Amino acid sequence: MINQLIQQLIDKAISAQLIEPDDEIYARNQILSLLHLVEFKESNGESDLEIPDLLEQIVDYACTQGIVEDIFDEKEIFSSKIMDCFMARPSTINQIFYDKYKQSPQAATEYFYDLSKNSNYIQMKRISNNIEYKVNTEYGELDITINLSKPEKDPKSIELERAVAKTDYPKCLLCVENEGYAGRIGHPARSNHRMIRLNLLEENWLLQYSPYVYYNEHCIVLSEEHRDMKITATAFHRLLSFVEQFPHYFVGSNADLPIVGGSILSHDHYQGGHYDFAMAKAEDEWSFELDRFPHVHGSIVKWPMSVIRLRSEEIGPLVEAGGYILSTWRNYSDESVGIHAKTGDIPHNTITPIARKNRGFYELDLVLRNNRTSEEHPLGIYHPHQDVHHIKRENIGLIEVMGLAVLPARLKNELREVEDFIVGKTEVVAEYHMEWAAALKEKYQDIATNSNVEAIVREETGKKFLKCLEDAGVYKRDEEGRAGFKRFISSLS
């Protein structure tokens, strides 16, 4: 049985162009060694199973034979080592990537994306468990994802993680030292992980894909040097330099302050991909010119958050204009709308930037952010407020800013309970959903049925995410907020 599984995995690897037929015996012997086998009996028979399913069965065999302990991290490490038997070295993959880049940047990224999926580095089987749908709003279609792709660790893994000795190698999950790293308890397996070398403004950067992609070709662009994230004019230049090299991709950065920033502020990195978010497609609400930058066109985007869009045919003026807006915003206060640049020496204002190329123009979106807190909103004044915490209380990072909700796994069952509550199948819902569920039941009592209640709850969940974005907007979309936004734009003249 194990011989057959090994052969089927090798056949799938050849079919996926991970290896050539001439590599078959070499790859087989590498896998035999991992499985402590000293011989192989030829086996025939095609399999309908895909690579992740075959891997699971081989890892299960290794557990039953005592080769690997039956705990999550150990199985992940072993699975990654098996797939590394099919992976070329980084230098070879980079050579192929840049050979394809000569055809087109898109041919290069498609090659690397397919490689990352076929090698099981991108966990497509787990990602398929996510619940994904779109919700129509006045701002366009928002993407909603209930994240079910990251499996929960078993209690033994958690216990071992607490007991394991701490190490600073690699320093973080993004460091280049993760490439080919076997992993350990508490640090993900990366034997089958590869990165593409980039030159951005004469610095060494790297391109990889997220192992749990949230959208098409969800990539991470990271500094070779382990250093803190910083939003500067140079960062804008770097983003636009990436877009210049890969014009079919957008790229953006999380903000560089807590609450409004991303989960990893200790390593300078960006996220990008081949996907058009609702924000990218949002229309201009009104336009303005910057006297200091005649080659740059400015507009305010119709979006629940406060977005300035700059356009130019040239990168240089765009960087200068973006840097000027950033430096102005860093020190800008308007107490009439609750914006305070600093508390003492503690800064509050920053920007979430996104760059893309659109119809021959470079675009730089600058999303204004502020991380101030108050007694009423201890998690952040411009952060999802208490009334939406039952759906989402996490930070509004780059992905959410652009219009994609990443919602917690608990909602899969909890929203089903809300659906049942609305149509009278149950009286039990999570306490923090009760007020919302009761309001929905009253609102839809005459039209909710077993066949449409899921669509109703999905739409209402989308409205809650929209409220999260509105909460995160520093200038509210009312008369007072619009006037405040215009005052800031006037200050740039």
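Oblate is the label for the stretch 60-130. Its Cα gyration tensor axes, ordered a ≥ b ≥ c, give a/c of at least 1.5 and b/c at or above a/b. Is the shape of the stretch 352-460 rounded, prolate or oblate, going by the alpha carbon gyration tensor and its root eigenvalues a ≥ b ≥ c, with a/c under 1.5 for rounded and a/b larger than b/c for prolate? Because a/c hits 1.5 or more and a/b fails to exceed b/c, the stretch 352-460 counts as oblate. Per the Debye formula on identical point scatterers at the alpha carbon atoms of the stretch 329-406, with no solvent, log10 I(q)/I(0) at q = 0.11, 0.13 Å⁻¹ is -0.37, -0.51. Loop-located GluC sites (Glu not before Pro) across the stretch 386-493 with a Cβ neighbour count of 16 or fewer within 10 Å are Glu394, Glu427, with loop assigned by DSSP.
Only one of (i) 90, 24, 20; (ii) 42, 30, 21; (iii) 65, 23, 20 was calculated from the structure for semi-axes √(5λ) of the Cα gyration tensor in Å, and its label is (ii). Sequence-distant contacts, meaning Cα pairs under 8 Å at least 6 residues apart, place the relative contact order of the stretch 354-493 at 25 percent. Ordered from largest to smallest accessible area (heavy atoms of protein chains, 1.4 Å probe), the residues Lys464, Lys134 come out as Lys134, Lys464. What is the diffusion coefficient of the stretch 91-163 in µm²/s, taking the Kirkwood radius over Cα pairs and the Stokes-Einstein relation at 25 °C with a viscosity of 0.890 mPa s? Stokes-Einstein gives a translational diffusion coefficient of 154 µm²/s. Cross-link pairs exceeding 28 Å in C-alpha to C-alpha distance, out of Lys134/Lys476; Lys441/Lys464; Lys41/Lys75; Lys100/Lys357; Lys302/Lys412, comprise Lys302/Lys412. Once the dipole of the chain is set up with Lys and Arg at +1 and Asp and Glu at -1 on Cβ about the Cα centre, which of Thr167, Ala430, Ser128 lies farthest towards its positive end? My answer, from the dipole projection, is Thr167.
With Cα atoms defining each centre, the stretch 13-73 and the stretch 436-493 are spaced 50 Å apart in the structure.
How many percent of all Cα-Cα pairs in the stretch 272-340 sit more than 14 Å apart? Here the tail beyond 14 Å accounts for 67 percent of pairs. Once C-alpha pairs closer than 8 Å and six or more residues apart are averaged by separation and normalised to the residue number of the stretch 350-407, the relative contact order reads 20 percent.
Between the helical axis of 105-118 and the longest alpha-carbon principal axis of the chain there is an angle of about 50 degrees. A dipole drawn for the stretch 295-403 from +1 and -1 charges on Cβ atoms has a positive end, and of Ile399, Val337, Asn349 the residue lying farthest that way is Ile399. Among the trypsin sites (Lys or Arg not before Pro) within the stretch 139-208, those in coil by DSSP and having at most 10 neighbouring Cβ atoms inside 10 Å are Lys166.
Here the chain has 46 percent of its accessible surface on carbon and sulfur atoms, given a 1.4 Å probe and all protein chains in place. The order of His340, His187, His237 by accessible area, most exposed first and with a 1.4 Å probe, is His237, His340, His187. Rounded to the nearest 10 degrees, the inclination of helix 72-84 to the longest alpha-carbon principal axis of the chain is 70 degrees.
Per residue, the chain exposes 46 Å² of solvent-accessible protein surface, assessed with a 1.4 angstrom probe and all protein chains in place. Within the chain, the longest run free of exposed loop sites, counting chymotrypsin sites (Phe, Trp or Tyr not before Pro) that sit outside DSSP helix and strand states (H, G, I, E, B) and have at most 16 other Cβ atoms within 10 Å, spans 213-493.
Between helix 411-422 and the chain there is an angle of about 60 degrees, using the helix long axis and the longest principal axis of the Cα atoms.
The spacing between the stretch 177-242 and the stretch 360-393, judged by their C-alpha centroids, is 25 Å. Treating only the Cα positions of the stretch 233-369 as identical point scatterers, give the base-10 log of I(q)/I(0) from the Debye formula at each q in 0.21 Å⁻¹. Results for the stretch 233-369 at q = 0.21 Å⁻¹ read -1.43.
The values are calculated or read from the model by the stated rules, or taken from the named source; none is laboratory data. On a predicted model such as this, the values are computed, not experimentally measured, just so you know. Note: ideal-geometry Cβ built from the backbone for every residue, glycine included; neighbour counts use all protein chains shown. Please note that ligands, DNA and RNA were not included when accessible areas were found on the heavy atoms of the full protein model with its side chains. Shrake-Rupley method; radii C 1.70, N 1.55, O 1.52, S 1.80 Å.
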